[in-house]
1. Check 107, 144 and return the single one that is assigned by TED's automatic domain parsing to the domain that holds residue 91, free of Cβ contacts under 8 Å to residues at least 40 places away in the same chain, surrounded by fewer than 24 Cβ atoms within 10 Å (Cβ to Cβ) and assigned to a loop (DSSP other than H, G, I, E, B).
2. Is it the case that the range 157-169 has a residue that's in a loop (DSSP other than H, G, I, E, B) and either in the same structural domain as residue 181 (by TED's automatic domain parsing) or under 27 Å from residue 87 (Cβ atoms) (or both)?
3. When you scan the range 36-65, how many residues do you find that are within 21 Å of residue 108 (Cα to Cα) and surrounded by 18 or more Cβ atoms within 10 Å (Cβ to Cβ)?
4. With respect to residue 268, determine if the residue is in the same structural domain as residue 183 (by TED's automatic domain parsing), more than 26 Å from residue 181 (Cβ to Cβ) and at pLDDT 95 or above.
5. Might you let me know whether the range 199-207 holds any residue that is exposed (fewer than 15 other Cβ atoms within 10 Å of the Cβ) and either out of contact with any strand residue (DSSP E or B) (no Cβ under 8 Å at 6 or more places or on another chain) or modelled with pLDDT of 95 or more (or both)?
6. Just to confirm my filter: which helices (runs of 4 or more DSSP H) fall fully inside the range 197-278 and include at least 2 residues that are within 23 Å of the chain's Cα centre (by Cα) and in contact (Cβ under 8 Å) with a residue 60 or more places away in the chain?
7. Tell me, yes or no, whether the range 108-121 has at least one residue that is farther than 24 Å from residue 149 by Cβ and under 15 Å from the mean Cα position of the chain (by Cα).
């Protein structure tokens, strides 16, 4: 009778790849593009529960397949997801795990690290951790500005979000400088008008915070008019991301008395989420 071989009784370490216990870890890549496309589909329907299930499934697959690059992508998506849903503890858990991955992979200084620092910092700012947010934004800025491979949309997004933190810390001159840089960059990006509109509204909020509503009224009105014009740009695809931006911007229009614009943008976003033609 032949002796049993290890593969006859060892359970797979990873059911997806069939790797046995004791074998050298084999790295299999999760389908990053397909994961992101499916996330866009969930977000176009505002299916946040489905989006979370989707990301947690692929997080486990990435870990089982030893795909640390894939794991980093999924954790970055989870940071953004939990920021949008307001789940602070889950967001910070993913931030800590993503930053540890950057260190473990020796990725500090890479574009991937800049993206991770930016996502983490944006979440920190959203949850009121402004000092930590600024430290992470400064790391991201150092990475992005040192690389010739940094896309304009990445750098523009960084400047816009970093400016929000400066406003929270009442460092207005630094915030306005970054907002100006963000606007100049996003003018060069296809469909960057949506981010430009968000920046206009962010500047309006900064003007109010610094000068007060009455003193800043004229400037705020100019910024809201510009934002409305940008959001109505005919060439921008009327897709899930457009609906997300409209939904994000509508409350600011309403706050400043632009009730018709707020109502119109909200209705348009709802139609997109329902799958109706615009």
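1. 107
2. Initial filter on the range 157-169 (in a loop (DSSP other than H, G, I, E, B)): 169.
Subsequent filtering for residues that are either in the same structural domain as residue 181 (by TED's automatic domain parsing) or under 27 Å from residue 87 (Cβ atoms) (or both) retains 169.
Within the range 157-169 (the criterion being in a loop (DSSP other than H, G, I, E, B) and either in the same structural domain as residue 181 (by TED's automatic domain parsing) or under 27 Å from residue 87 (Cβ atoms) (or both)), the answer is yes, since at least one residue qualifies.
3. Number of matching residues: 1.
4. yes
5. No, every residue in the range 199-207 fails to be exposed (fewer than 15 other Cβ atoms within 10 Å of the Cβ) and either out of contact with any strand residue (DSSP E or B) (no Cβ under 8 Å at 6 or more places or on another chain) or modelled with pLDDT of 95 or more (or both).
6. Values: elements: 217-231, 240-255, 259-273.
Because the criterion is at least 2 residues that are within 23 Å of the chain's Cα centre (by Cα) and in contact (Cβ under 8 Å) with a residue 60 or more places away in the chain, the helices (runs of 4 or more DSSP H) in the range 197-278 that meet it are 240-255, 259-273.
7. Within the range 108-121, not a single residue is farther than 24 Å from residue 149 by Cβ and under 15 Å from the mean Cα position of the chain (by Cα).
The values are calculated or read from the model by the stated rules, or taken from the named source; none is laboratory data. Given the structure is predicted, the values throughout are model-derived calculations rather than measurements. Every residue, glycine as well, gets a Cβ built from its backbone with ideal geometry; the counts of neighbours run over all protein chains shown.
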